[in-house]
Amino acid sequence: KDKGNIQCSEFKNVSKITAHPSLQPRGHNEVHDIEDLVKVGKNVRGCPYYAAWTMAENAQLVFCPYSYIVNPVIRAGVEVDLKGAIIIFDEAHNMEDIAREAGSINLEEDTLFKLQNELEQMSVGQPMIYQPLCEVIEGLISWIGRKKDSLAKRDFQHYFSSWTGDKALRELEESNISRECFPILLECFTKAIRTSKEAEMEPDMPHLSGISVLTLEG
């Protein structure tokens, strides 16, 4: 986003937070957290959110949740650049669960149908980018339809099926996701996401909706 076009008065007072004496070297909040920024922000009518991001750019040490590092979607969304950084994971025994969560997604059929509809519309103008993605979503919807009746019941209104290893790969191939076509799909996905980000600066440019972008990224 173009920060120069933000009209919020609290945003314009960000510098009053970042330059506040209590947050400077030898100030009583030299080592500070978001609560400290909120208190200062209230006093100077500045935005602690943007102040935090501004100060993080030059900070020597930044604490953040696991997801800001491990989840690629969140990492890209908050523009965390890990190049040249030293990363220390506290409580690292939780990493397996965190990584599993970052690599998982919950999808509903309605969301997939909406994504399919948008991809079909975008395929009219740019078939090389959106048609392969549309075919994958169509295959995934068909695959879900075929598997519905073969799910095992775990408890009330909870049905499931799970696969590992080669079996999981074969299931993916049934929905048009194979080793051979994956590089093509990844390239199409990258271009579609890039177009959506560029459309933030050019609203008239055809692009996928925010929810569809999140579904693809997930």
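The values are calculated or read from the model by the stated rules, or taken from the named source; none is laboratory data. As the structure is a computational prediction, the values presented were derived from the model and not from experiment. For neighbour counting, all protein chains shown are included, and Cβ atoms are generated from backbone atoms with ideal geometry for every residue, glycine included.
Apart from one condition, Ile144 fits all of (1) of a type in the set (A, V, I, L, M); (2) assigned by TED's automatic domain parsing to the domain that holds Ser212; (3) without any contact (Cβ under 8 Å) to a residue 24 or more places away in the chain; the exception is (3).
Taking residues in segment 165-193 that are under 19 Å from Val73 (Cα atoms) and assigned by TED's automatic domain parsing to the domain that holds Glu138, and partners anywhere that are outside any helix (DSSP H, G or I) and hydrophobic (A, V, I, L, M, F, W, C), the pairs with Cβ atoms closer than 8 Å and at least 6 places apart or on different chains are Leu185/Ile177; Ala192/Leu208.
Criterion applied to Ala102, Ala152, Ala76 was being under 21 Å from Arg194 (Cα atoms) and either of a type outside the set (Asp, Glu) or surrounded by fewer than 10 Cβ atoms within 10 Å (Cβ to Cβ) (or both), and the one residue passing it is Ala76. Restricting attention to segment 185-210 and to residues that are among the β-branched types (Val, Ile, Thr) and surrounded by 12 or more Cβ atoms within 10 Å (Cβ to Cβ), the residue that is farthest from the chain's Cα centre (by Cα) turns out to be Thr195.
All conditions but one from (1) free of Cβ contacts under 8 Å to residues at least 24 places away in the same chain; (2) more than 18 Å from Val73 (Cβ to Cβ); (3) of a type in the set (Lys, Arg) apply to Lys114; the one that does not is (1). Of the helices (runs of 4 or more DSSP H) lying entirely inside segment 6-71, the ones with 1 or more residues being farther than 28 Å from Met95 by Cα are found at 9-12, 14-18, 34-44, 48-56.
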